[in-house]
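Presented below is the structure to which this report refers.
The values are calculated or read from the model by the stated rules, or taken from the named source; none is laboratory data. Computed from a prediction, not measured in an experiment: that's the story for all the values here. Cβ: placed from backbone, ideal geometry, glycine included. Neighbour counts: every protein chain shown. SASA here: full protein model, heavy atoms, side chains in, ligands and nucleic acids out. Shrake-Rupley method; radii C 1.70, N 1.55, O 1.52, S 1.80 Å.
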Amino acid sequence: MKTKNEPKILIVEDDASVGNLIKTSMMAHDYQYLVAQNGKSALMMVTSHRPDIMLLDLGLPDMDGIEIIRLVRGFSAMPIIVISARDTDSDKIAALDAGADDYLTKPFSVDELMARIRVTQRHLASVQSDTPEKAVFTSGDLAVDYHAGAAVAGKALHLTPSEFKLLCVLCQNAGKVLSYPFLSKTLWGNEWEENIPSLRVFVATLRKKLAAGNCPRIQTHVGVGYQLIETD
Ligand code: CA
């Protein structure tokens, strides 16, 4: 019998050899999986089988993966991990801004894919166990109350309003790569006024403040954005 923490994974991939590689990895880890070889059947399976996580190739015979992300985001918050040969920053940003949670470029390592799925699962578990609008985030020594402030090992963290806003959006999207346009929009309300130098400064000071204890770390994805990596 399947236990609750084994997610059902929808593999959307038209290349048989890549599809088989992913299928084999899913079987080896006892995950349930479904396979769709085009966008139409992928969308059908999302509604009929309600998978927990989607692994999505972007280059599909009938439609573009970005379009699938947009359509799925219209009705579902299910985690979507893109696995694509498209490797430019603008491709990654387009997928993340359309609503993908993570991005893996081909050729990829199976170990890395499994690690990303585990991160997504942990995030899913924490989302499911909380009320819809989770007010408190904790990871290691860090505790963030989205309405009141942040603390490290019980000691209040002194943050400017912008630093606090940045920390909140990173925590609310822990494990997810957040693009520069998305972060700019969150902080300054306008994605076109992308202010990467200011973002860098905020991230640098936040990192210093989080260095005090066993806190999650902020990973840089050069040319793309930032990601909060939770501590074990
Ligand atoms: Ca393909």
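Here are a few things to note about the model shown:
- Residue pairs meeting the criteria (Cβ under 6 Å; at least 6 apart or on separate chains; first closer than 15 Å to Val18 by Cβ, in the stretch 95-119; second open to solvent by 40 Å² or more (accessible area, probe 1.4 Å) and part of a loop (DSSP other than H, G, I, E, B)): Thr105/Asp87; Lys106/Ala85
- Cβ-Cβ contacts under 8 Å between residues 6 or more apart (or on different chains), taken from a first residue in the stretch 76-89 that is assigned by TED's automatic domain parsing to the domain that holds Leu60 and of a type in the set (Lys, Arg) to a second residue that is part of a strand (DSSP E or B) and within 16 Å of the ligand (Cβ to nearest atom), are listed as Arg86/Gly59; Arg86/Thr105.
- In the stretch 208-219, the residues that are in contact with a strand residue (DSSP E or B) (Cβ under 6 Å, 6 or more places away or on another chain) and either closer than 14 Å to Ser162 by Cα or of a type outside the set (Gly, Ala, Ser) (or both): Cys215, Pro216, Arg217, Ile218, Gln219
- Subset of the stretch 67-97 (residues that are open to solvent by less than 20 Å² (accessible area, probe 1.4 Å) and out of contact with any His (no Cβ under 9 Å at 6 or more places or on another chain)): Ile68, Ile69, Val72, Met78, Ile80, Ile81, Val82, Ile83, Ser84, Ala95, Leu96
- Scan of the stretch 24-82 for residues that are within 16 Å of Met114 (Cβ to Cβ), part of a helix (DSSP H, G or I) and within 21 Å of the chain's Cα centre (by Cα), ordered by number: Ser25, Met26
- In the stretch 170-186, the residues that are without any contact (Cβ under 8 Å) to a residue 40 or more places away in the chain and buried (at least 19 other Cβ atoms within 10 Å of the Cβ): Ser184
- Within the stretch 203-232, if we keep just the residues that are among the small types (Gly, Ala, Ser) and within 26 Å of Thr105 (Cβ to Cβ), the residue that is surrounded by the fewest Cβ atoms within 10 Å (Cβ to Cβ) turns out to be Gly223.
- Single unsatisfied condition, Tyr226 versus (1) hydroxyl-bearing (Ser, Thr, Tyr); (2) part of a loop (DSSP other than H, G, I, E, B); (3) within 26 Å of Thr88 (Cα to Cα): (2)
- Some residue of the stretch 7-23 being more than 14 Å from the ligand (Cβ to nearest atom), more than 15 Å from the chain's Cα centre (by Cα), open to solvent by 40 Å² or more (accessible area, probe 1.4 Å) and at pLDDT 95 or above: yes
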